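Asker: First, the structure itself, so that you have it in front of you.
Rule-based calculations on the coordinates, nothing more; no lab input. All values derive from a computational prediction rather than experimental measurement. Don't worry about glycine lacking a Cβ; one is built from the backbone with ideal geometry, like all the others, and counts go over all protein chains shown.
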Amino acid sequence: MAHAAQVLAHADPVIVAGPGFVRITPPVDMALREMLARIEGLGHWIRGLPSPGVLIDMREHTHVGPTENVLLGHHCGQHLRGARVAVLVPCRDGQGQQAARRLGLDMRSFEDEDWALDWLRGEG
């Protein structure tokens, strides 16, 4: 996974390859449509990789409401199938997570980065 993630990260500073996972950190001013396009692009890169991990850091996006959370979860569910996805959020409401899980995606929301990373590694 590291090679594909490194190639993608080289082309897109929002996406960074981490140890055993890919991290997406959208800037606060990034429009939801653009964020969803990045997730869709990442889905193409990780397709076919064994158990890819994805960490989406949304902690700075305090303006994101329940509707956006559901859209994000649904989009992740459509495009990141087969991945294990941890979403860092400023406050958990579980709606995005539920939307993704209904589509069969292994996704969880976390407020604590260490817990999210432990879960991505299969330790939590």
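Asker: If you take every DSSP beta bridge whose two residues both sit in the stretch 17-107, what share of them, in percent to the nearest 5, is antiparallel?
Answerer: Details: 2 of 12 bridges.
The answer is about 15 percent antiparallel.
Asker: Residues in the stretch 22-43 near a label at GLU60, defined as backbone nitrogen under 12 Å from the 7 Å Cα→Cβ point?
Answerer: Once the point is set 7 Å along Cα→Cβ of GLU60, 25-30 turn out to lie under 12 Å by backbone N, inside the stretch 22-43.
Asker: With a point put 7 Å past each Cα toward its Cβ, work out how far TRP115 is from ALA31 in nm, to one decimal.
Answerer: Placing both labels 7 Å along Cα→Cβ, they lie 3.4 nm apart.
Asker: Enumerate the amide H contacts of ARG84 below 5 Å, restricted to partners 5 or more residues apart or on another chain; note that Pro and chain-start residues carry no placed amide H.
Answerer: It is GLY53, VAL54, by chain and number.
Asker: Still on this structure, I have one more. 5 Å is the cut-off here: which amide hydrogens, built 1.01 Å from N in the peptide plane, fall below it relative to GLY18, excluding neighbours closer than 5 in sequence?
Answerer: Amide H to amide H, under 5 Å and 5 or more residues apart or across chains, GLY18 pairs with ARG23.
Asker: Moving to a separate point now. For the stretch 22-57 and the stretch 60-114, what is the separation of their C-alpha centers, rounded to whole Å?
Answerer: 12 Å
Asker: Given the convex hull of the Cα atoms of the stretch 2-120, what is a quarter of its surface area in nm²?
Answerer: In nm², the orientation-averaged hull projection of the stretch 2-120 is 6.3.
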